[in-house]
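Working notes for the structure below.
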Amino acid sequence: MGGTVKTALIYPPLTDPTSGYHSLNYLDSYARAQGHRAADIIDANIEAFHHSYTPSAYEWLRRELARPPVTDLTGPDALMARANRLGLPEPDPQRLRRSIGVLQDPVLFYDYRHYQEAVEGVISWMDALGAVGFPGQFRAGFRLQAPPAVSIGSVAALTDEATLARLNKPFQPYYEDVLIPRLAAGGYDVIGISATYQWQLPFTLWLARLIRQACPGAFVITGGTEISDVWKCASRPEQVFQVLGDFDAIVVGEGESAYTEILDAVATGTLPAGHPNVRLHPKYGRQRQLPLRYERLGNIPVPDFSGLPWDLYLSPEKFVYYSPTRGCYWNKCTFCDYGLNTDGPTSPWRQDTADTMIADVTELAKFAKFIYFSVDVLAPATILRFAEKVVERGLDFRWGAEIRLEKYWSEERCELLRRSGCVAVSVGFESGNQRILDLIDKGTRPEQVRRTMTAMTKANIGVQMMGFTGFPTETREEALDSIGFLRDNPDLWTLGGLGDFMLTPGAIVAKEPERFGISNVRPVEGSDIVRVLRYDEPVTEAAHDEVMRAKSTLNPGHYHRPWLGSTDTPHSFFYHDRYGTDVRGVLAHDRVRQHDDDRTEFVANGVFVDRADEQAWEAYRRMRSEEQEGTPGALLPVDRHLFRRADGQVFALNRSSRTFLDLFTAPLTLAEAQHRLWVVEPTVADRVWRTFIGQRLLRRHTLPEPAPATG
């Protein structure tokens with residue numbers, strides 16, 4: 001039985017292009033340990049990106065962009081598509097190749113001015129690529145902004161062939177020229193797709209259709225966090241396979257033993273009906289639903305990452321994910337609803353021993369310098385024992401993890417973490433107000449959190465903060481406590497910020513609404529896969545707009561995921577390793593007007609949006625209101641000019657601002673610009689330059705020479 005099944009495992013678009021994800025490697029390594037042959041692991045996300053700028057694909061893209069836009073759409077979808085095409089860049093494959101080179105260069109990557117140019121080059125390309133689907137469908141390069149019906153989980157939208165085809169159209173040349181021919185020629189018995197994030201779902205569904213047509217003899221399966229969410233959040237059980245109807249089976253929850261039992265069954269010509277985490281398509285008959293199985297970590301080998309295409313990722317270093325725990329030892333937070341949980345906020349808590357962790361990272365460190373502990377949380381005592389053993393054995397690698405800011409972390413213990421290679425930790429501090437923390441059942445106090453952050457910072461460990469405002473019954477003053485906590489302690493955290501509270505069906509808040517002062521709890525209208533709930537709660541709602549404006553004054557970072565500036569990304573950890581807790585200052589330096597900038601040439605870092613189509617302009621203005629001035633739903637003034645920065649972010653500028661920016665359509669020094677605007681007071685002009693440089697609406701025209709590599 002062992003070794004007879006030929007398998008391809010696919011990680012689909014759209015997700016992080018900076019490193020390989022670990023889900024498929026865990027499955028494959030476990031199956032190999034049980035005697036099965038190694039699977040062919042295909043990272044379709046990164047392959048599709050690189051294929052998009054090959055000569056043939058680029059010519060296809062140019063032809064598609066030259067066609068009359070969105071003529072087959074009607075109503076709001078057509079207007080939104082026309083609006084999103086305003087100001088889109090011309091695709092420039094040469095610029096993209098330069099950008100990829102910088103992101104993979106071990107020297108240029110760490111020069112933030114080069115880094116910014118490179119990221120904006122990639123995002124610009126992805127914006128143009130996305131325009132052949134639903135214009136504007138790609139945000140920050142590698143996040144999907146799907147049409148509303150898809151985003152809210154409408155079964156009709158998720159099963160509509162035309163919608164899925166349009167969303168997938170940017171990758172059509174890759175599917176037709178590379179992926180599907182490879183699968184069809186491969187003679188695979190099993191083809192699996194792993195979907196971790198919601199924005200991978202439309203691509204997973206379309207790939208399943210293509211695979212079903214090209215490989216009719218293959219047993220096609222899917223799993224991953226997103227597939228579990230579809231199963232968990234479906235309004236009615238039959239909707240699961242309405243959405244996932246092209247799959248023979250899905251894996252719900254943890255997948256190692258389920259995947260292996262599927263291979264066992266295919267090898268013997270039977271159906272994998274015995275594992276509780278496997279859900280067969282209804283065409284195979286009615287199944288008895290058994291309680292879900294959670295894996296024993298002691299049975300799971302160290303993952304082998306050697307099969308991933310490391311030369312393709314947009315990074316100068318290898319960065320691998322490692323999961324020595326599952327679930328959360330605290331498992332009480334009333335907002336939390338993660339993974340395939342049943343009676344708690346997360347799945348049951350399990351943790352490897354420190355000795356097992358040491359053995360695993362010893363192997364992983366031979367392959368990659370950076371190891372991120374991809375877990376809900378690590379227990380403090382285990383982390384400390386692990387760090388002691390790393391130092392004792394002289395292991396040389398860098399690591400980070402998500403932890404709780406317990407008072408356990410004294411200065412001495414933090415110093416030990418740093419000596420063991422810890423460069424940054426991510427922490428969910430959630431709120432800076434004690435009443436809200438008590439409602440969340442977080443088990444922490446703001447002052448204790450501040451002391452722990454101080455100890456981490458003294459040890460040169462970056463603290464990346466995650467929190468939110470808008471928890472039910474939170475008042476304006478309580479929300480401002482969280483904002484003030486971050487604003488008053490800028491030297492104690494490096495990246496992160498405050499998001500918005502979202503209520504999910506499995507959270508304790510949703511199960512006990514009266515306890516948290518909410519009423520009329522309901523799904524989002526039109527949603528069948530119910531991931532988010534709406535509710536009534538007047539206290540928090542009344543403070544919402546003012547709180548959003550106050551949050552916009554924080555400095556959460558310059559780029560959204562997957563780039564540097566967001567919590568927990570590979571690039572963020574690379575910069576933490578290079579610059580330590582000074583990383584925030586490194587990022588800010590190029591956004592500050594320097595004393596010698598009068599003689600420096602600057603150029604506008606974007607374009608003003610064309611107003612030729614007034615109806616599209618109005619729609620664009622409405623859509624972008626949520627991205628400017630920190631107040632969702634607040635309409636930007638009619639007389640504002642919209643400036644699209646090179647990374648796709650849109651800024652609403654007054655008429656006088658345009659007068660200043662129009663000077664920089666060609667490189668110009670600030671001194672010459674001031675000379676041309678001689679009627680403007682120098683202090684006023686200087687304030688404008690500082691603002692535009694800080695928002696990167698102006699960028700320095702000449703990049704610095706590469707610095708020698710250090711560290």
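The values are calculated or read from the model by the stated rules, or taken from the named source; none is laboratory data. Quick caveat, the model's predicted, so the values are computed rather than measured. Here Cβ is always computed from backbone atoms with ideal geometry, including for glycine, and neighbour counts include all displayed protein chains. Note: accessible area is taken over every heavy atom of the protein model, side chains too, but ligands, DNA and RNA are not part of it. Shrake-Rupley method; radii C 1.70, N 1.55, O 1.52, S 1.80 Å.
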Counting only protein heavy atoms with a 1.4 Å probe and every protein chain in place, the carbon and sulfur fraction of the accessible surface of the range 115-182 in whole percent equals 50 percent
With all protein chains present and a 1.4 Å probe, how do 366, 551 order by accessible area, largest first? 366, 551
Using only alpha carbon positions, build the gyration tensor of the chain, then give the equivalent ellipsoid semi-axes as the square roots of 5 times its eigenvalues, largest first, whole angstrom. 39, 32, 27
So with the 1.4 Å probe, I'd like the accessible area per residue for the chain, rounded to whole Å². 40 Å²
Give the value in nm², to one decimal: projected area of the alpha carbon convex hull of the range 515-623, averaged over all directions. 13.6 nm²
What number, in percent, do you get for the relative contact order of the range 161-307 if the mean sequence gap of Cα pairs under 8 Å and at least 6 apart is divided by its residue count? 18 percent
About the Cα centre of the range 307-381, how large is the charge dipole given +1 on each Lys and Arg Cβ and -1 on each Asp and Glu Cβ? Please answer in debye to the nearest 20. 80 debye
Apportionment of accessible area to carbon and sulfur, the range 319-444, percent (1.4 Å): 48 percent
Counting only residues 5 or more apart in sequence or on a different chain, those whose built amide H sits under 5 Å from that of residue 43 are 11
Using modelled backbone amide H atoms (1.01 Å from N, in-plane), which distant-in-sequence or interchain residues come within less than 5 Å of residue 430's amide H? 466, 467, 468
SASA check, residue 450, accessible area w/ 1.4 Å probe, all protein chains in place, rounded to nearest 10 Å², comes out at 80 Å²
Could you check how much of the accessible area of the range 467-621 is carbon and sulfur, as a whole percent, using a 1.4 Å probe? 50 percent
Using alpha carbon centroids, what distance separates the range 133-192 and the range 229-279, in Å? 21 Å
Just reorder 336, 414 by solvent-accessible area, largest first, 1.4 Å probe, all chains present. 336, 414
How big is the equivalent ellipsoid of the range 385-438 along its three axes, where each semi-axis is √(5λ) from the Cα gyration tensor, reported in whole Å from largest to smallest? 28, 11, 7
Quick shape summary for the range 302-415, equivalent ellipsoid via Cα gyration tensor, semi-axes whole Å in descending order, reads 25, 20, 13
Judged on accessible area alone, 1.4 Å probe, highest first, 314, 65 line up as 65, 314
Would you mind pulling out the separation of the Cα centroids of the range 443-472 and the range 497-557, in Å? 22 Å
Between the range 308-373 and the range 20-53, the alpha-carbon center distance in angstrom: 17 Å
What Cys residues in the chain have no fellow cysteine's beta-carbon under 4.7 angstrom? 215, 233, 328, 414, 422
Tell me, rounded to the nearest percent, the portion of alpha carbon pairs in the range 49-178 spaced more than 26 Å apart. 26 percent
Evaluate the charge dipole of the range 416-524 about its Cα centre and quote only its size in Debye, nearest 20, assuming +1 on the Cβ of each Lys and Arg and -1 on the Cβ of each Asp and Glu. 440 debye
State the answer as a single residue: which of 383, 673, 648 lies farthest towards the positive end of the charge dipole of the chain, with beta carbon charges of +1 for Lys and Arg and -1 for Asp and Glu, about the Cα centre. 648
How large is the charge dipole for the chain, taken about the Cα centre, if only the Cβ atoms of Lys, Arg (+1) and Asp, Glu (-1) carry charge, to the nearest 20 debye? 180 debye
Of all C-alpha pairs within the range 409-451, those more than 12 angstrom apart amount in percent to 64 percent
Considering Cα pairs under 8 angstrom that are at least six residues apart, work out the relative contact order of the chain and quote it in whole percent. 14 percent
Mind counting lysine pairs for me in the chain? Cα separation below 19 Å, and the two need to be 8 or more apart along the chain or on different chains. 11
For the range 420-427, take each phi angle, set θ = phi - 60°, evaluate the Karplus expression 6.51 cos²θ - 1.76 cosθ + 1.60, and give the result in whole Hz per residue in order, putting x for glycine and proline. 7, x, 6, 10, 7, 10, 9, 9
